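*Asks:* Supplied in structure tokens, the structure appears directly below.
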Number of protein chains: 2
Amino acid sequence: MMKRYGSVEAGGTKFICAVGNENNEIIISEAIPTTTYEETIKKVIVFFEKNRVDALAIGSFGPVDLDISSEQYGCILNTPKQGWTNVNIVLPIQKALNIPIFFTTDVNSSAYGEMHLNGCNNLVYYTIGTGIGGSAIQNGVFIGGIGHPEMGHQLIKKHPLDVNFNGVCPLHGDCLEGLASGPSIEARTGKKGQELEINSTVWDIQAYYIAQAILNTTLVIRPELVIVGGGVMSQHHMLDRIKMHFKKLLNNYVTIEDIDKYIKTPSVENNGSATIGNFLLAKNLLIKN
Amino acid sequence: MMKRYGSVEAGGTKFICAVGNENNEIIISEAIPTTTYEETIKKVIVFFEKNRVDALAIGSFGPVDLDISSEQYGCILNTPKQGWTNVNIVLPIQKALNIPIFFTTDVNSSAYGEMHLNGCNNLVYYTIGTGIGGSAIQNGVFIGGIGHPEMGHQLIKKHPLDVNFNGVCPLHGDCLEGLASGPSIEARTGKKGQELEINSTVWDIQAYYIAQAILNTTLVIRPELVIVGGGVMSQHHMLDRIKMHFKKLLNNYVTIEDIDKYIKTPSVENNGSATIGNFLLAKNLLIKN
């Protein structure tokens, strides 16, 4: 009998639940608004009680505890989102549905989907939005020794026209997230990204930082492919700017045959690669069990 | 019968050949000066013809081609060392000795030895000397999708007292190697590291950069342990300076339980961990075959 796989993209504004078939096609999906913890999780359970699946993967906003040996495994940890700190989003769903559940970060789900969609086992995924998240996969396995990568907070060098900007990261000031996330645009210009003129030098400054992040992970991890997604990348001029800076900064130090094939935006709109990633991660559970 | 394993640390000034037993103890070793390619490799072969081993690992200076599917596998690539560009250091040894040979970078050998010596499967190794090299191991496997990591050339943020220094990296100027390698000390002060006063602010600047590199790889890879070796670290005051900056820069963002156990210098003097790493990498070949 054909198996069915479940996906939950647990986000700060909505939980997208979906059921997929063996071909990763979405059979049914529903966006549940993120309200209280209890109400939201209850609606997720109701969705999957109506739409049964054999295994489920959850890609969540964070920070989350992914360590299976930890008491807090399955919990969202210290989040600014009220009412969602130290709540377990795996346990109640597992109890109600009694199926194998894989728990990971939202960006890991996206990266896993992109791995499949690009037929590429070594990749890095950055999402540039309100925050900056990252995921890395080597030979099909997530990178992260004792926890999830937090590459959004790496330190990079300042753009000459940006030396007086201190960055918006409450913890590190001018780390990558402090310099290149969506809110940093508003902090510099008083305008949201959507309102900022396309010829503003701020775009170029942002692209310079994102290119450095890609360069650093290129040199540390040596992936075959880097995907850059997230709200800031919906500015379509950004991809070319990033590639231009990357090329200049790399200065041919390691061989990247075709930068246009190396740095790409996600294959599916609206983070649809996360859904596919979750279907595949759910499927893995049945292969292993 | 007890097996015997060989190690070659192929360096720019000497090739250290060693034979080890099942307990990773050195039975015999010899330092062969690095002269011409032909002469040096011939002496290596003669050493192992006299001192037979069942398998051998070579950790080499670079850049090297580690891709087994490449035609240049086993070659040193574009090195400034005269007469050593595009020479194959695996093939003639394999032909002469007819045993399994594992080929990797010098810093990978060191990292592999430290993995064993510390009983830790997730670690990052930096060597800070004339250049800056790095290696990362996750779950006992080297990180590096399509090539060896080149984390020595990552970009980091400038120290406020160092803004006018352009760095010494011929390719990137003020990348990590350009700012924190041994030659950068001389470029700033006109003095070699060994001659520089211990209270010079340059040490603190160097430590700030090395701490950033450790922070960035901590966030990207999430290792359990970071080892920092190389000539610059023979300045014993550096380790404490690096830990101090690391602590400040991390700002508790991810949990590192004990920074004194997290950032360490190598367990064995004179890069002896590379020899042990090579014995283990050679042993792996026999397990796999």
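The values are calculated or read from the model by the stated rules, or taken from the named source; none is laboratory data. A quick note: this is a predicted structure, and the numbers were derived from the prediction, not measured. Note that each Cβ is placed from the backbone with ideal geometry, even for glycine, and that neighbours are counted across all protein chains shown. Only protein heavy atoms, including side chains, enter the accessible area calculation; ligands, DNA and RNA are left aside. Shrake-Rupley method; radii C 1.70, N 1.55, O 1.52, S 1.80 Å.
*Asks:* On the phi > 0 side of the Ramachandran plot, more than 18 Å from the chain's Cα centre (by Cα), open to solvent by 10 Å² or more (accessible area, probe 1.4 Å) and facing chain A (nearest Cβ under 9 Å): which single residue out of B:98, B:139 fits that description? Break it down stepwise before answering.
*Replies:* Working: B:98 fails: facing chain A (nearest Cβ under 9 Å).
Answer to the check: B:139.
*Asks:* Can you tell me how many residues in segment A:67-97 are at pLDDT below 90 and aliphatic (A, V, I, L, M)?
*Replies:* 2
*Asks:* Kindly list the number of the only condition in (1) within 14 Å of another protein chain (Cβ to nearest Cβ); (2) assigned to a helix (DSSP H, G or I); (3) open to solvent by 10 Å² or more (accessible area, probe 1.4 Å) that fails for residue B:257.
*Replies:* Result: residue B:257 passes all but (2).
*Asks:* How many residues are more than 10 Å from chain A (Cβ to nearest Cβ) and within 16 Å of the chain's Cα centre (by Cα) when one looks only at segment B:149-183?
*Replies:* Residues in segment B:149-183 being more than 10 Å from chain A (Cβ to nearest Cβ) and within 16 Å of the chain's Cα centre (by Cα): 4 in total.
*Asks:* Residue pairs, Cβ under 7 Å, 6 or more apart or interchain, first in segment B:266-286 and under 12 Å from residue B:108 (Cβ atoms), second assigned to a helix (DSSP H, G or I) and open to solvent by 40 Å² or more (accessible area, probe 1.4 Å). List them.
*Replies:* B:273/B:117; B:274/B:106; B:280/B:116
*Asks:* Residue under question is residue A:39, and the condition is that it be open to solvent by 60 Å² or more (accessible area, probe 1.4 Å), in contact with a Phe, Trp or Tyr (Cβ under 7 Å, 6 or more places away or on another chain) and without any contact (Cβ under 8 Å) to a residue 40 or more places away in the chain; does it hold? Quick ask: steps written out before the conclusion?
*Replies:* Numbers: open to solvent by 60 Å² or more (accessible area, probe 1.4 Å): yes; in contact with a Phe, Trp or Tyr (Cβ under 7 Å, 6 or more places away or on another chain): no; without any contact (Cβ under 8 Å) to a residue 40 or more places away in the chain: yes.
So residue A:39 does not fit the description; no.
*Asks:* On the given criteria, is residue A:108 away from chain B (no Cβ under 14 Å) and either closer than 28 Å to residue B:252 by Cα or open to solvent by 20 Å² or more (accessible area, probe 1.4 Å) (or both)?
*Replies:* No.
*Asks:* List pairs: first in segment A:207-225 and outside the structural domain of residue A:239 (by TED's automatic domain parsing), second buried (at least 24 other Cβ atoms within 10 Å of the Cβ), Cβ under 8 Å, 6+ apart or cross-chain?
*Replies:* none
*Asks:* Moving on to the next point. Of the residues B:240, B:204, which single one is charged (D, E, K, R) and free of Cβ contacts under 8 Å to residues at least 12 places away in the same chain?
*Replies:* After ruling out the rest, the residue left standing is B:240.
*Asks:* Taking residue B:57, is it surrounded by 21 or more Cβ atoms within 10 Å (Cβ to Cβ), in contact with a Leu (Cβ under 6 Å, 6 or more places away or on another chain) and not in a loop (DSSP other than H, G, I, E, B)?
*Replies:* In short, yes.
*Asks:* Could you check, for segment B:190-208, whether at least one of its residues is open to solvent by 70 Å² or more (accessible area, probe 1.4 Å) and either in contact with a strand residue (DSSP E or B) (Cβ under 7 Å, 6 or more places away or on another chain) or within 10 Å of another protein chain (Cβ to nearest Cβ) (or both)? Please lay out each step first, then the result.
*Replies:* Narrowing segment B:190-208 to residues open to solvent by 70 Å² or more (accessible area, probe 1.4 Å): B:191-192, B:194-195, B:197-199, B:201.
Next, from what is left, pick out any that are either in contact with a strand residue (DSSP E or B) (Cβ under 7 Å, 6 or more places away or on another chain) or within 10 Å of another protein chain (Cβ to nearest Cβ) (or both): none.
There is no residue in segment B:190-208 that is open to solvent by 70 Å² or more (accessible area, probe 1.4 Å) and either in contact with a strand residue (DSSP E or B) (Cβ under 7 Å, 6 or more places away or on another chain) or within 10 Å of another protein chain (Cβ to nearest Cβ) (or both).
*Asks:* Let me ask another. Could you tell me which numbered condition residue B:109 fails, if it satisfies all but one of (1) over 30 Å from residue B:228 (Cβ atoms); (2) among the hydroxyl-bearing types (Ser, Thr, Tyr); (3) in contact with an Asp or Glu (Cβ under 8 Å, 6 or more places away or on another chain)?
*Replies:* (1)
*Asks:* Tally up the residues in segment B:226-240 that are open to solvent by 10 Å² or more (accessible area, probe 1.4 Å) and either within 14 Å of another protein chain (Cβ to nearest Cβ) or not in a helix (DSSP H, G or I) (or both), please.
*Replies:* Of the residues in that region, 4 qualify.
*Asks:* Also, I was wondering about something else. Can you name the condition, by its number, that residue B:283 falls short on among (1) of a type in the set (Lys, Arg); (2) more than 23 Å from residue A:147 (Cα to Cα); (3) open to solvent by 50 Å² or more (accessible area, probe 1.4 Å)?
*Replies:* (3)
Let's see how each residue does on (1) modelled with pLDDT of 95 or more; (2) open to solvent by 20 Å² or more (accessible area, probe 1.4 Å):
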{"residue": "A:147", "(1), (2)": "no, yes"}
{"residue": "A:150", "(1), (2)": "no, yes"}
{"residue": "A:154", "(1), (2)": "yes, no"}
{"residue": "A:158", "(1), (2)": "yes, yes"}
{"residue": "A:171", "(1), (2)": "no, yes"}
{"residue": "A:174", "(1), (2)": "yes, yes"}
{"residue": "A:179", "(1), (2)": "yes, no"}
{"residue": "A:187", "(1), (2)": "yes, yes"}
